[in-house]
Amino acid sequence: MIDIEWPFATHMDFRGQKMAERLFQVIIVFFGLIGFIVGYMMQQFSMTIYSVLFGVLVSAFLTIPPWPIYRNNPVEWQKPVDAKKDSNGNKNNSSNKSTPKDTRKAKPKKDQ
Amino acid sequence: MHSFLSRLNTLFAFTISVLAALTLGVFISTYFEQYHGTVSISANKPIVKHMTDFSANRKKNDLGVLQLNMDMDLNPLFDWNVKQLFLYLTAEYVTPSNSLNQVVLWDKIIERGENAQLNIRDMATKYYFWDDGDHLRSNNVTLTLAWNIISNAGRLLHVRADGSSSFIFPGEYVTSRGKNSGRE
């Protein structure tokens with residue numbers, strides 16, 4: 001249920017996620033401190049709460065959508081090895097001894 | 001943090017934690033505040049009646065009737081941690097049967113943002129001044145004001161105001177058909 005397929009792309013890479021998390025933590029704490037000081041000056045706690053909520057809006061805008069800066073370090077997947085020749089060679093080695101030419105071409109090391 | 005919902009969840013939880021820390025900060029910043037204040041109270045035309053209290057037993061008890069004048073400015077009490085004030089006026093006196101009687105005559109809730117400066121003249125008491133017996137004649141009664149501070153985050157404080165006043169009830173009863181009709 002948690003894995004919903006959104007109609008828009010939502011992924012970020014790992015470095016991007018770390019950057020996004022650090023960014024919203026800093027923004028919210030910053031607005032919280034500013035709000036605390038302003039609230040203390042004006043003796044109104046509502047100012048503090050409004051400041052934090054404004055900080056939440058700013059961070060939500062900056063960190064929730066997957067902006068391109070969070071996609072600068074894509075994960076380097078390894079290149080796929082062609083697995084078809086491997087499985088064919090193994091089967092022929094274990095069961096039949098027909099077509100030895102094929103196995104030699106595919107895996108010259110294993111034959112010897 | 002990978003999926004969209006997980007980012008939203010982390011952001012929301014972190015916001016709640018920050019708000020909790022700020023609320024703790026508000027509590028600590030007003031922990032040592034005393035919330036004292038001065039008021040001036042006086043009573044007009046105190047009289048004593050002797051009637052049946054129909055809401056209690058059927059015996060006849062003393063009923064004190066008076067009017068209140070009050071002046072107070074409570075705006076300095078509202079700092080950023082005070083949500084509302086609950087004021088109440090108490091009449092205290094001594095009788096032979098009880099060493100201390102306290103009767104609440106009036107109360108008021110002042111919320112933050114409302115006018116906190118009260119200048120009241122000739123106001124009837126909000127609650128009846130029944131005595132438990134018949135000892136109000138010639139009794140020296142002290143009127144004191146106290147308030148409860150209701151905070152945004154913190155303890156419920158009870159503070160007695162400075163400035164109380166006393167008056168003495170007359171020594172004779174007033175009947176509703178007598179010359180001193182006692183009607184205010």
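We did not get these values from a lab; they are worked out from the coordinates using the rules stated. If you're wondering where the values come from, they're calculated on a predicted model, not measured in any experiment. Positions of Cβ are generated from backbone atoms using ideal geometry, with glycine treated the same way; all protein chains shown enter the neighbour counts.
The label-point distance for B:Phe54 and A:Arg22, in a model that sets each label 7 Å from Cα toward Cβ, rounds to 7.9 nm.
With only Lys, Arg, Asp and Glu charged, each at its Cβ (+1 for the first two, -1 for the last two), find how big the charge dipole of segment B:89-175 is about the Cα centre; round to the nearest 20 debye.
On the way: 7 positive and 10 negative charges, 66 e Å.
It comes to approximately 320 debye.
Quick check: the angle from helix B:4-29's long axis to the longest principal axis of chain B, C-alpha only, nearest 10 degrees? So the helix axis and the longest Cα principal axis differ by about 40 degrees.
For the residues of B:2-10, the average number of beta carbons from a partner chain within 10 Å of their own beta carbon is 6.
Could you tell me which trypsin sites (Lys or Arg not before Pro) in segment B:1-99 are loop residues by DSSP with no more than 16 other beta carbons within 10 angstrom of their beta carbon? Can you show the working numbers first?
Details: sites: B:Arg7, B:Lys49, B:Arg58, B:Lys59, B:Lys60, B:Lys83; in loops: B:Arg58, B:Lys59.
Qualifying residues, ordered by number: B:Arg58, B:Lys59.
In the neighborhood of B:Lys60, defined by Cβ-to-Cβ distances under 14 Å, what is the net charge if each Lys or Arg adds +1 and each Asp or Glu adds -1? Its environment carries a net charge of -1.
In order along segment B:57-73, phi translates into HN-Hα couplings of 6, 8, 6, 8, 10, 7, 10, x, 10, 8, 10, 10, 10, 9, 9, 7, 10 Hz, rounded to whole numbers, per the Karplus curve 6.51 cos²θ - 1.76 cosθ + 1.60 with θ = phi - 60° and x for Gly and Pro. Normalising the average separation of contacting C-alpha pairs (under 8 angstrom, six or more residues apart) by the number of residues puts the relative contact order of segment B:35-169 at 33 percent. A crude spin-label estimate for the pair B:Lys83 and B:Lys108, with each label 7 Å from Cα along the Cβ direction, gives 2.2 nm. Divided by 2.2 N^0.38 Å, where N counts the residues, the Cα radius of gyration of segment B:120-165 comes to 1.63.
Calculated from the alpha-carbon coordinates, the protein assembly as shown shows an Rg and a Dmax of 39.1, 136 Å respectively. Across segment A:14-22, computed HN-Hα scalar couplings (Karplus, 6.51 cos²θ - 1.76 cosθ + 1.60, θ = phi - 60°) run 5, 5, x, 5, 5, 4, 5, 5, 4 Hz from first to last residue, x flagging Gly and Pro.
Can you tell me the equivalent ellipsoid semi-axes for segment B:35-169? Use √(5λ) from the Cα gyration tensor, largest first, whole Å.
On the way: eigenvalues 185, 47, 35 Å².
Value: 30, 15, 13 Å, ordered largest first.
What FRET efficiency comes out for the pair A:Glu5/B:Asn75, r = Cβ-Cβ distance, R0 = 51 Å, nearest 0.05?
On the way: r = 58 Å, r/R0 = 1.14.
My answer for the efficiency is 0.30.
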